[in-house]
Amino acid sequence: MQFGLRRCKCRFSSLLVVLGLFIVGMIILTDGLRGLSGEALRRFLAESTQTPFRGAIAGAITTAAIQSSSATTVITIGFVSAGLLTFSQALGIIFGANIGTTLTGWLVAIVGFKLKLGTVILAAHPFGSHAETVWPWPPSELSAGPLLDSAC
């Protein structure tokens with residue numbers, strides 16, 4: 001029983017550390033967005049999210065481009081915290097991010113895993129087919145890292 005209680009305390013402390021890192025990351029993201037936000041970015045975001053429908057389209061396109069609705073949501077929250085978007089504009093983007101995730105799933109279901117999306121995206125990249133020498137994506141190894149496999 002002693003071992004189980006110690007393990008539970010270790011997991012709880014790890015959860016608190018990860019939550020703290022997330023909050024610090026959001027603060028850094030918000031401060032960075034405030035510093036980088038110019039009039040052109042404000043205008044672009046305002047035009048892209050004039051209506052909830054346009055916000056949903058922007059969210060779906062962004063999610064399809066970066067392949068992560070979580071990243072789209074975090075960036076949107078950062079924009080709201082920085083004062084670049086209103087809450088109602090952010091709702092449209094987040095709704096569109098969920099639609100973009102669904103469309104990505106349908107694309108994989110229809111086309112299958114045989115299509116290398118990295119190669120398709122690299123074809124539209126300014127470096128063309130030589131982009132893999134500059135930016136090797138996808139990486140050969142992906143791992144969760146030592147954070148999840150800590151020896152508590």
Considering the options A46, A82, I27, tell which one lies farthest towards the positive end of the dipole of region 1-110, charges being +1 on Lys and Arg and -1 on Asp and Glu at the Cβ, about the Cα centre. I27
How long are the three semi-axes of the equivalent ellipsoid of region 1-101, in whole Å, if each is the root of 5 times an eigenvalue of the C-alpha gyration tensor, listed from largest down? 34, 17, 10
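In what sequence, highest mean first, do 23-31, 61-69 appear when ranked by Cβ atoms within 10 angstrom?
Ranking the peptides 23-31, 61-69 by packing returns 61-69, 23-31.
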What list do you get for S14, S88 if you sort them by fewest beta carbons within 10 Å? S88, S14
Per residue of region 84-92, what does 6.51 cos²θ - 1.76 cosθ + 1.60 with θ = phi - 60° give for ³J(HN,Hα)? Whole Hz please, x for Gly and Pro, Karplus curve as stated. 8, 10, 8, 4, 5, 5, 5, 4, x
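Each reported figure results from applying straightforward, stated rules to the coordinates on display, with no laboratory input. All of these numbers come straight from a predicted model, not from anything done at the bench. Heads up, the Cβs are rebuilt from the backbone with ideal geometry, glycines too, and the neighbour counts pull from every protein chain shown.
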